[in-house]
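Below you'll find the structure, written out as structure tokens, and then a few comments.
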Amino acid sequence: MSDTIAAIATAVGAGAVSMVRLSGPDALGICDRVFRGRARPSQSVHKSVLLGEMAAADGGIIDQVMMLVMRSPRSYTGEDVVEITCHGGLAAPRLVLRRLIEEGARPADPGEFTRRAFLNGKMDLAQAEAVCELVQARSEKALRVAASQLKGDLSLRISEAEARLTGHLALIEANIDFPEDEVEAVDRTGLAARLGGIGRDLEALLATRARGKLIKDGIDAAIVGRPNVGKSSLFNRLVGADRVMVSDVPGTTRDVVDASVAVDGLVVNLHDTAGVLEAVDGIERAAVERTWKAVEESDLVLVVLDAAAPMDTVDEALLEQAAGRRRLAVFNKVDLGDAGGHVPECLEVRVSALAGLGIEDLRARIRRIAEDLAGDVAGEILINERHAMCLEEAVEALERGRLALLDDLPLELAASDVRAALAALGGVTGSRATENLLDEIFSRFCIGK
Ligand SMILES: Nc1nc2c(ncn2[C@@H]2O[C@H](COP(=O)(O)OP(=O)(O)OP(=O)(O)O)[C@@H](O)[C@H]2O)c(=O)[nH]1
Ligand SMILES: [Mg+2]
């Protein structure tokens, strides 16, 4: 890890300024060679800001730049870091980067700055993951959850459990090593209860997995109904643009079409689907199967019904299928009349996608359901799938250890289970992270982070 890496850290494209980041043992040396200004970067103290010019290899000027010098170990990566702010656009940041590479820097891999921060002990793995989640957050709630994880809230909960387990392990091991000596004897029932208590705390964390996914990835809402009831018209209304084709020919939509909308700090992923018919063959059948699958995979189902016509068996089948999750009966085409349809024990709205009636009411309903699903996340810890796998392993090991103690099995068994639980917990914060795992996590990052 002795090389110096460089990358454009800002989005490339039109913009007033861009930032190119450099990290590694030669960061200051490289800057000395390309910078023309009053101070030398390598002579500058931590947190210096230098204003000057970036010189091309032929001595010409590439751009006016500002350099922020952060010296090891007090930087993001723990190495010497220079952040070079230049003008935005396509040319300036690319030329600045190219110049740094000419002088010996290597283009950074995705997430490599954060990977170095992790390897240099600047943050643990849960915090490094939070950096990625923060950058990718599509809603305020997702952002807040990531920010709390970056601050170390999840890591703290894990290290508290680790500390308690380490204490219990020490007692068990002392009893194994010096059973006859003056060590405090293991109270098997008491210790089993304590392991059970830690297991329950971890289960409480595990229970946040589903909501974590909902908040980070958004709420999936499928729009389903018979052909021609106006699903696509409604989809376009909610998206606020003519995203999908609408026509009076039944069977216009053949595939599931997705669009995400922001609803009060949350993301709702809308899925427009093919109309459902009773008996179909061929391509239509495949389309209808996708619709049923969309119903199964969604958190919320908007069942669109024709307000002006009586309900039929397809409507009833869809409503029933959706009953297992959150569902909303949307009576569309009220501008054509209202047959007074009603679905017992189901939220209902009456709209006209064509005339734009009742759409705000529909949005408000979706918002309320979404908020209800996501709950209040102020300062809350929500885990991701990877954390969940580690925690499940820890919970299982603790349960084995608890039973080993209660069943009067040799203490060695309980000790090995507690050790296994500790190792699994370490997986969350990365104390036993393998190269492969790090590759997988950091490859999801953007370049320059
Ligand atoms: N009068 C009236 N017509 C509507 C309304 N909503 C949609 N339509 C019309 O109904 C027809 C079908 O609309 P679509 O949005 O394509 O219906 P769909 O449910 O997506 O149909 P498929 O994709 O074929 O299943 C179009 O001619 C729309 O203009 C409405 O609220 N009132
Ligand atoms: Mg359609």
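The values are calculated or read from the model by the stated rules, or taken from the named source; none is laboratory data. Computed from a predicted structure; not experimentally measured. When we count neighbours, we look across all protein chains shown, and the Cβ atoms used for this are built from the backbone with ideal geometry, even at glycine. Note: accessible area is taken over every heavy atom of the protein model, side chains too, but ligands, DNA and RNA are not part of it. Shrake-Rupley method; radii C 1.70, N 1.55, O 1.52, S 1.80 Å.
Summed over region 93-124, residues that are open to solvent by 70 Å² or more (accessible area, probe 1.4 Å) and part of a helix (DSSP H, G or I) total 4. Based on what the data block shows, is ASP315 buried (at least 20 other Cβ atoms within 10 Å of the Cβ) and within 16 Å of ligand 1 (Cβ to nearest atom)? Yes. Screening region 328-346 for residues that are under 16 Å from VAL303 (Cα atoms), open to solvent by 10 Å² or more (accessible area, probe 1.4 Å) and modelled with pLDDT of 95 or more and picking the one that is farthest from ligand 1 (Cβ to nearest atom) gives VAL334.
The residues of region 198-246 that are crowded, with 21+ Cβ neighbours inside 10 Å, within 13 Å of ligand 2 (Cβ to nearest atom) and in a loop (DSSP other than H, G, I, E, B), listed by number, are ARG226, VAL229, GLY230. Would you check which residues across region 289-310 are buried (at least 18 other Cβ atoms within 10 Å of the Cβ) and touching a Leu at 6+ places or on another chain (Cβ under 8 Å) and list them? Listed by number, the residues that qualify are VAL295, ASP299, LEU300, VAL301, LEU302, VAL303, VAL304, ALA307.
Would you point out which residue out of GLY167, GLY190 is open to solvent by 30 Å² or more (accessible area, probe 1.4 Å) and either in the same structural domain as PRO410 (by TED's automatic domain parsing) or without any contact (Cβ under 8 Å) to a residue 24 or more places away in the chain (or both)?
Values: GLY190 fails: open to solvent by 30 Å² or more (accessible area, probe 1.4 Å).
On inspection, the qualifying residue turns out to be GLY167.
Return a yes/no flag: does region 50-73 have any residue that is within 29 Å of the chain's Cα centre (by Cα), open to solvent by less than 20 Å² (accessible area, probe 1.4 Å) and not acidic (Asp, Glu). Checked against the condition, which is being within 29 Å of the chain's Cα centre (by Cα), open to solvent by less than 20 Å² (accessible area, probe 1.4 Å) and not acidic (Asp, Glu), region 50-73 yields no hits at all.
Counting only strands (runs of 3 or more DSSP E) wholly contained in region 264-372, the ones carrying 1 or more residues that are within 16 Å of ligand 2 (Cβ to nearest atom) and of a type outside the set (S, T, N, Q) occupy 266-272, 300-306, 326-332.
Considering each residue of region 40-48 in turn, none proves to be open to solvent by 60 Å² or more (accessible area, probe 1.4 Å) and over 26 Å from GLY78 (Cβ atoms). Just one of (1) away from ligand 1 (no atom under 13 Å from the Cβ); (2) within 32 Å of the chain's Cα centre (by Cα) fails for ARG285. It is (2). Can you find a residue in region 373-380 that is at negative phi and in contact with a strand residue (DSSP E or B) (Cβ under 9 Å, 6 or more places away or on another chain)? Yes, there is a match, as at least one residue in region 373-380 is at negative phi and in contact with a strand residue (DSSP E or B) (Cβ under 9 Å, 6 or more places away or on another chain). Just one of the numbered conditions (1) within 16 Å of ligand 2 (Cβ to nearest atom); (2) in a helix (DSSP H, G or I); (3) within 31 Å of the chain's Cα centre (by Cα) is not true of ASP255: (2).
What number of residues within region 258-273 satisfy the criterion of being touching a residue at least 40 places away in the same chain (Cβ under 8 Å), of a type outside the set (D, E, K, R) and within 15 Å of ligand 1 (Cβ to nearest atom)?
Here the count works out to 3.
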